1. Please go through region 262-301 and pick out each residue that is farther than 16 Å from Ala484 by Cβ and hydroxyl-bearing (Ser, Thr, Tyr).
2. Can you give me the ranges of the strands (runs of 3 or more DSSP E) entirely in region 435-491 with at least 3 residues that are within 20 Å of Ser219 (Cα to Cα)?
3. Suppose we filter Leu58, Leu49 for residues that are touching a Leu at 6+ places or on another chain (Cβ under 6 Å), surrounded by fewer than 19 Cβ atoms within 10 Å (Cβ to Cβ) and at pLDDT 95 or above; which single one remains?
4. Can you name the residue in region 305-327 that is in contact with a Ser or Thr (Cβ under 9 Å, 6 or more places away or on another chain) and part of a helix (DSSP H, G or I) and, of all such residues, is surrounded by the most Cβ atoms within 10 Å (Cβ to Cβ)?
5. Check off (1) over 34 Å from the mean Cα position of the chain (by Cα); (2) surrounded by 13 or more Cβ atoms within 10 Å (Cβ to Cβ) for Met127 and give me the number that stays unchecked.
6. Under 8 Å between Cβ atoms, which residue pairs at least 6 apart in sequence (or on different chains) link something in region 481-509 that is exposed (fewer than 15 other Cβ atoms within 10 Å of the Cβ) with a partner that is of a type in the set (Lys, Arg)?
7. In the same structural domain as Leu143 (by TED's automatic domain parsing) and closer than 30 Å to Leu495 by Cα: does that describe Cys224?
8. Do any residues in region 319-344 that are in the same structural domain as Val404 (by TED's automatic domain parsing) and under 17 Å from Glu461 (Cβ atoms) have Cβ atoms under 9 Å from those of residues that are assigned to a helix (DSSP H, G or I) and β-branched (Val, Ile, Thr), where the two are at least six apart or on different chains, and which pairs are they?
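The values are calculated or read from the model by the stated rules, or taken from the named source; none is laboratory data. All values derive from a computational prediction rather than experimental measurement. Cβ placement follows ideal geometry from the backbone for every residue including glycine, while neighbour counts extend to all protein chains displayed.
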Amino acid sequence: MPKLTINDREIEARDGAMIIQAAAEAGIEIPHYCYHQDLPVDGNCRMCLVEVEKMPKLTPACATSVSEGMVVNTHNERVKEAVRGVLEFLLVNHPVDCPVCDQAGECRLQDYYMVYGLHTSEIPLEMKVRKRKVIDLGPMVVLDTERCVLCSRCIRFCDHVTGTGELQFFGRGDHVEIGTFEDRPILNPYSGNVVDICPVGALTSRDFRFKCRVWFLHSTDSVCAGCSTGCNARIDHRDGAIFRMIPRRNPDVNKSWLCDEGRLSIHEIGRGERVRRALIKGRDGMQAPASLGEALDAANTGLREAARKYGGAAILGVGSASATNEALFLLARYVKGQLGGDQLEFRLDSEDRKALEPEDKILRRFDKHPNSMGALALGFAGDEIGGIEGAISKAREGKIKAAVILYYKPLVTRETDALAEARIAELVSLLEFSVLFAAHKADWQTDAGVLLPVAAWTEEEGTYTNYQSRVQAALQAINPPGDAQPAWSLLAALLEASGDTSVWSSSTDVLSDMKQAVSAFAGIDLDSVYSQGALISTNGAL
């Protein structure tokens, strides 16, 4: 690993690293537009020019590899003057419409101007080259060619990541602009990423456009729950409303990308009526509202009575591949430890057996649940049941009399979802007693003995295990509605009501217990779980 000096500071860099990468890893920022760590180097913006000792001219940091003994200066007057010159050229024909630009507040052109620019434009507005504005490029992207700095990030993304090549340069001289042939829409399933990587306001999101100024938003690190890839993401929200989800870089999972399905899945939480209060079925067969305490007591009483009457083998625990590891762990603990049951299941349809199969060569996977591998590691795929169809058969035969069920509607829908929901509804209708944890209402839930309101994905903290068997944390962004609580919290209360002496005040407490109780999770490091994720060992097949 070569050692070099940057701004009088000696650092050690990776072999083959470029100066800009070595500087970034050492916490030294070099201004840039065209460089992106997950795209091929282009070197066209000239913003990252640095001075290297013994080199007569300034050199682009993004295209110059480090070497032993190299001496680099990134902020002397010679470098600053070069950067100021580049900025001045970029601003010659820029519309300077920051007050109405969605990128304001997170725009590199604004940021660098405040550091390196602060000059008065020599070109009056009426003499600037005018280009096209507000060009609709499909369901995700709006283009404003006047704001573009021609960094080519979006072009390289479409060429080298998706391989679809929609965007290109058109025109000559100071009339060059980006666009698509005949303004055709960008329809690849990752089109939203060109908005994320645009350093200025040339490409903006149709979904987020004019919704909220970014400085009003609060950001929460999370994991996309749209499929089993578990892309790392950041959720931006304000006053209990979610405005957008954008990728958070993890080189081992999703790099800097997020598919459009996952990006838009945040809106699914607000669609449909939420379960806001607990309901208990009375002797007249009708459900009536109840407090959480009353509902938990009724759930525990009904399940323990069924276990006493028919034995633990008649009790089924149905987990969800969309539930957190913590919720699944406590569900299994309750069914096994308090009810004497050993039958656990989570597979609702044949599509859930595709957890390891990719839908494309980039990120998307056929399994539209974030935690199938976690459910597998926690023992929810026993051979004695064989999926939801096996559970229905046993219920018809009278071998299963009661169940505790976690149910979440998938955020990304597929054709088999309706059938999967119909199967769980059929199971509930066949049981003498059932306790259902749900976030969204459905007609079939009236068959449940007790219905408990649970928080949705963005409303709770917990971990998910992706298809790589990587455990990753998602933090709580907003509060759940009504009396809804995270499923792990309700299950912890249910365990307490049944006599379990453990105390869990957070999902991290549950994860710590899980490490001790489940061998697959024993070796994970909690700090890693909350940063880049931690791999566990899983075996078996869905």
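1. Ser265, Thr301
2. On the way: elements: 450-453, 462-465, 470-474.
Once the strands (runs of 3 or more DSSP E) in region 435-491 are filtered for at least 3 residues that are within 20 Å of Ser219 (Cα to Cα), what remains is 462-465, 470-474.
3. On the way: Leu49 fails: surrounded by fewer than 19 Cβ atoms within 10 Å (Cβ to Cβ).
Just one listed residue meets the conditions, Leu58.
4. Ala327
5. Checking Met127 against (1) over 34 Å from the mean Cα position of the chain (by Cα); (2) surrounded by 13 or more Cβ atoms within 10 Å (Cβ to Cβ), the one that fails is (2).
6. Within 8 Å, the pairs are Gly482/Arg274; Gly482/Arg276; Gly482/Arg277.
7. Numbers: in the same structural domain as Leu143 (by TED's automatic domain parsing): yes; closer than 30 Å to Leu495 by Cα: yes.
For Cys224, the condition - in the same structural domain as Leu143 (by TED's automatic domain parsing) and closer than 30 Å to Leu495 by Cα - is met.
8. Hits for this filter: Thr324/Val510; Asn325/Val510; Glu326/Thr508; Glu326/Val510; Ala327/Val510; Phe329/Val510; Leu330/Val510.
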